[in-house]
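To start, the structure itself, in structure tokens.
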Amino acid sequence: MFVKFETIAYTSQNFFMPVTDSLSIQSKLPDVGTTIFTKMSKMAHEVGAINLSQGFPDFPVSEELIDRVAHYMREGMNQYAPMPGMPALRKAIAAKLERTFGIQVNPEEEITVSSGATEALFAVIAALVHEGDEVIVLDPAYDSYVPAAELQGAIVKRVPLDSKTFAPDWEAIEAAVSPKTRLLVLNTPHNPTGAVWQQEDMERLQELVKKHRFWVLSDEVYEHIIFDEQEHQSILRFPELRKYAAAVYSFGKTFHATGWKTGYVVAPPLLMKEIRKVHQYLTFSTHTPTQLALADYLQEPQHYESLPRFYQQKRDVFLRLMEKSRFRPIPCSGTYFQLYSYADISDKPDVEMAEWLTREKGVASIPVSVFYEQGQDQRLLRFCFAKNEETLQQAADILCRI
């Protein structure tokens, strides 16, 4: 794809005039446009629809956490943070990892605070992947992985998850591994499906890594949003995997503050050294008062340990409210997204169905086909239930009338 600009020449007569030559841009991401999340949120805003599309809560951030940010602003902590992150926050993260996963992590060498999980994901991929390397991505996949890999000149191999359970297909994954495989990207709990990996999945991956020697990037931003007494199977729990892996997390997801864009990445020292080289030229550092506030807020484990129950209640409320609808729920074990099949309602393609629901009925969702390389359409829509019960009630009332 080429974009042409007419250039303007400034002459000695002190006026501008067009010249005939042109300058071209060859896009590095020719197939990338505006994301579906932006598109559906914009459409919802234009028509006044209830927005269950983009994944952000409509309830407030903790007043205590907001007060701590304001406190540090007033205390004058408004200049650059250290490039790897404020020491107090990195120490608090290390303590949280020990409490949550039973592991010890060196906050000086193995933790870097990032400007959101997306920045951390990009930094890891840019640090590891070279032109011609192969990167395995599991479909359906969150939309930032593939562009980040392609910008490094990588060849992306997309391996479908099981079409019904969305569990990893280990035979297909191993078949995709080659001597050029540099990185595998996984996501659990999984956006968009709500599936979660089990211990045996991590053990199978550990066997593959030991056998074929490639790096792993684990997107674990929904680590605390996991249901039905299940335990999050972090890649950090498995010693042989941890040697070859980077794990990415999001305070925005954990503490309902997606607009703060604060996350972190955990990786072994050798890899972290390279990640920081990229990070320092992407954002260098992240909002200082927010980092210090989060360091304080993490001192009370209940602030994150209460999340599974909190979000499971919202999932269950939404499922109950939708019981009388013709939409059929797909089991959700984590994240704050619920998939519904509309196969009993319409044979419209899912993108068309999502647009129709938004414009004609007033509820915005995300079509699941956009998360697939080939746009597989299983007549599924993704609804975000990280909303007040009143919002969920209003949306369900509309959906149940269809």
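The values are calculated or read from the model by the stated rules, or taken from the named source; none is laboratory data. These figures come from a predicted structure and were not determined experimentally. Note: ideal-geometry Cβ built from the backbone for every residue, glycine included; neighbour counts use all protein chains shown.
Name the one entry in L208, L217, L183, L236 that is over 29 Å from S285 (Cβ atoms) and assigned by TED's automatic domain parsing to the domain that holds L97. I'd like the intermediate steps shown before the answer.
Details: L217 fails: over 29 Å from S285 (Cβ atoms); L183 fails: over 29 Å from S285 (Cβ atoms); L236 fails: over 29 Å from S285 (Cβ atoms).
Just one listed residue meets the conditions, L208.
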Query raised in the report: Across the range 353-402, what is the number of residues that are in contact with a Cys (Cβ under 9 Å, 6 or more places away or on another chain) and either in a helix (DSSP H, G or I) or among the hydroxyl-bearing types (S, T, Y) (or both)?
Result: 1
Requested in this report: Could you tell me whether the range 277-285 includes any residue that is surrounded by fewer than 19 Cβ atoms within 10 Å (Cβ to Cβ), aromatic (F, W, Y) and either out of contact with any Cys (no Cβ under 6 Å at 6 or more places or on another chain) or without any contact (Cβ under 8 Å) to a residue 12 or more places away in the chain (or both)?
Outcome: yes
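More than 17 Å from M40 (Cα to Cα), in contact with a Pro (Cβ under 9 Å, 6 or more places away or on another chain) and of a type in the set (A, V, I, L, M, F, W, C): is that true of M353 in this structure?
On the way: more than 17 Å from M40 (Cα to Cα): no; in contact with a Pro (Cβ under 9 Å, 6 or more places away or on another chain): yes; of a type in the set (A, V, I, L, M, F, W, C): yes.
No; evaluated as a whole, the condition is false for this residue.
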Requested in this report: Could you figure out which of (1) in a helix (DSSP H, G or I); (2) closer than 23 Å to S234 by Cβ; (3) of a type in the set (A, V, I, L, M) isn't true of V146?
Outcome: (2)
Report task. For residues that are crowded, with 16+ Cβ neighbours inside 10 Å and in a loop (DSSP other than H, G, I, E, B), tally how many sit in the range 170-221. Result -> 15
Query raised in the report: Any residue in the range 106-129 that is touching an Asp or Glu at 6+ places or on another chain (Cβ under 8 Å), hydroxyl-bearing (S, T, Y) and crowded, with 16+ Cβ neighbours inside 10 Å?
Result: no
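Whether any residue in the range 52-66 is over 30 Å from D296 (Cα atoms), in a loop (DSSP other than H, G, I, E, B) and in contact (Cβ under 8 Å) with a residue 24 or more places away in the chain is what I want to check.
We begin by selecting, within the range 52-66, every residue over 30 Å from D296 (Cα atoms); these are 52-53.
With in a loop (DSSP other than H, G, I, E, B) added as a condition, the list becomes 52-53.
Adding the requirement that they be in contact (Cβ under 8 Å) with a residue 24 or more places away in the chain leaves 52-53.
Yes.
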Requested in this report: For the range 258-274, indicate whether the set of residues that are among the hydroxyl-bearing types (S, T, Y), in a loop (DSSP other than H, G, I, E, B) and either in contact with a His (Cβ under 8 Å, 6 or more places away or on another chain) or over 24 Å from Y336 (Cβ atoms) (or both) is non-empty.
Outcome: yes
Report task. Give just the number: which of (1) assigned to a loop (DSSP other than H, G, I, E, B); (2) among the aliphatic types (A, V, I, L, M); (3) not assigned by TED's automatic domain parsing to the domain that holds F284 does A70 not satisfy? Result -> (1)
Query raised in the report: Would the range 317-324 turn up any residue that is out of contact with any helix residue (DSSP H, G or I) (no Cβ under 8 Å at 6 or more places or on another chain), closer than 19 Å to Q376 by Cβ and not in a helix (DSSP H, G or I)?
Result: no
Requested in this report: Give me the pairs, please: first residue somewhere in the range 315-332 and in contact (Cβ under 8 Å) with a residue 24 or more places away in the chain and in the same structural domain as A395 (by TED's automatic domain parsing), second residue anywhere and among the charged types (D, E, K, R) and assigned to a helix (DSSP H, G or I), beta-carbon distance under 7 Å, and either six or more positions apart or on two chains.
Outcome: V317/E389; C332/R315
Requested in this report: Only residues that are closer than 15 Å to E207 by Cβ and either at pLDDT below 95 or under 20 Å from the mean Cα position of the chain (by Cα) (or both): list them for the range 150-179, please.
Outcome: P168
Query raised in the report: Does the range 85-102 hold any residues that are surrounded by fewer than 16 Cβ atoms within 10 Å (Cβ to Cβ) and part of a loop (DSSP other than H, G, I, E, B), and which are they?
Result: G102
